[in-house]
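Worksheet for the structure shown next.
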Amino acid sequence: MSFIREKNTPVMEQYLNLKAQYKVHLLFYRLGDFYELFFDDAIKAAKLLNIVITKRGNSDGQEIPMCGVPAHSSESYLHKLIDLGFKVAICDQLETADEAKKRGYKSIVKRDVVRFVTPARRNLELFSTQFGEKKGSLISVIDHTVTASGGRLLKQMLASPLTCSKAINLRLSTAQFFVNNHEPRRKIREILSNIPDIERSLSRLILGRGSPKDMNLLKVGLGKTLELSEFLCKIESGENGSLPQQYVIQVADTGIQMQIPASRAGMTVKSDESELSTIHKSLGNHKDLFVLLNRAILDNNLSSLKEGGFINPIYNSELSELSYILNNSNKQSLANSMRYTTNELKELENKILTARDATIGLEVKIFSELCSEVAKESEKIALAANALAKLD
């Protein structure tokens, strides 16, 4: 830039002297509550930051382009410029206006560059970029886990790096084993990919917030864990090294002996449960009656019962029983219809409602007992889940 400096104001003269020292930077020049940019810097920044460009005075016979951002919110603007590849020099006031006046009536406030902001290789962006997106972060590049618990553990490991050399070497030797052994790695990942989130299901069951679905997921997970345990125990030392025994022991020796029947896990209780069998038998066999009534009442052919209509011959035998109900039942008037019932149907209703409540109560009791069993083994199950996450 070439300027006729004798025509510049003291403030602009100060700005130009500083800008001459930092030609490759955008200069954020502090004026009051704003950082101002002038000349080409202003033209570039206004377009990139979508802010208004104005004019301030003249230089070399031309108006000086100017734009500014509030000092208190300047960081967001700085980040945007840095992401676009610009370097910024921050020029701040080094004294107050009153202090400047002590040096003379026309003295201006001392200013100088106090900070540089350049593109943020120093910012690791472990879990998200500065715009809050996972894509582009370190975790998005290295996370190849196949289980939910493995993904959570990886984030914890990144957030809290190891400092113990023994633990670091163990982790490195484990990673090296899987680098050198493709087939075991493939098989273990295949098994892991079919293991549900044991940690979450266990947590919900222990806290009393679990459902039969959680119980079934736990059963499936423990079954897959046993399969993985058996596979790990078969891995023998070879020329490419062996898997550290700590991982084999953690999976194999965590008490995976708790048996959860498939029927109970899904809350579909076996028919040989004595209490439920008694309840079901108390209902008797009324299926045929329900089929008859439902078919006779809902079939469209009964709309022909109006005067001059015909009755489908298939209902001749059933009509007598339907007539019996109409003539010998209790009636209840509704808005646009009549409700009929018999003592037999009323008795059946009571049996059904009682049996339903009893069945629900028994299922809740069975589920609570299973939850208690899970709680007793929760520490071992949690250890197994953690070992799975480490392997992942």
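The values are calculated or read from the model by the stated rules, or taken from the named source; none is laboratory data. Only a predicted model underlies this, so the values are computations on that prediction, with no experimental measurement involved. Positions of Cβ are backbone-derived with ideal geometry, glycine not excepted, and every protein chain shown enters the neighbour counts.
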Subset of the stretch 154-190, residues farther than 19 Å from A387 by Cβ, in contact (Cβ under 8 Å) with a residue 24 or more places away in the chain and of a type outside the set (S, T, N, Q), comes to L158, A159
Yes or no: D83 over 24 Å from Q14 (Cβ atoms), surrounded by fewer than 16 Cβ atoms within 10 Å (Cβ to Cβ) and either under 31 Å from the mean Cα position of the chain (by Cα) or touching a residue at least 60 places away in the same chain (Cβ under 8 Å) (or both)? yes
Going through (1) in contact with a helix residue (DSSP H, G or I) (Cβ under 9 Å, 6 or more places away or on another chain); (2) of a type in the set (D, E, K, R); (3) surrounded by 13 or more Cβ atoms within 10 Å (Cβ to Cβ) one by one, E99 fails only at (1)
Cβ pairs under 8 Å, 6+ apart or interchain, first in the stretch 357-377 and within 19 Å of R200 (Cβ to Cβ), second in a helix (DSSP H, G or I) and of a type in the set (D, E, K, R), ordered by first then second residue, are F367/R264; L370/R264
The residue from S193, S173, S211, S201 that alone is in the same structural domain as A384 (by TED's automatic domain parsing) and closer than 20 Å to K380 by Cα is S201
Among the residues of the stretch 94-102, is there at least one that is farther than 17 Å from D41 by Cβ, outside any loop (DSSP other than H, G, I, E, B) and of a type in the set (G, A, S)? yes
Would the stretch 7-24 turn up any residue that is assigned to a strand (DSSP E or B), in contact with a Phe, Trp or Tyr (Cβ under 8 Å, 6 or more places away or on another chain) and not charged (D, E, K, R)?
no
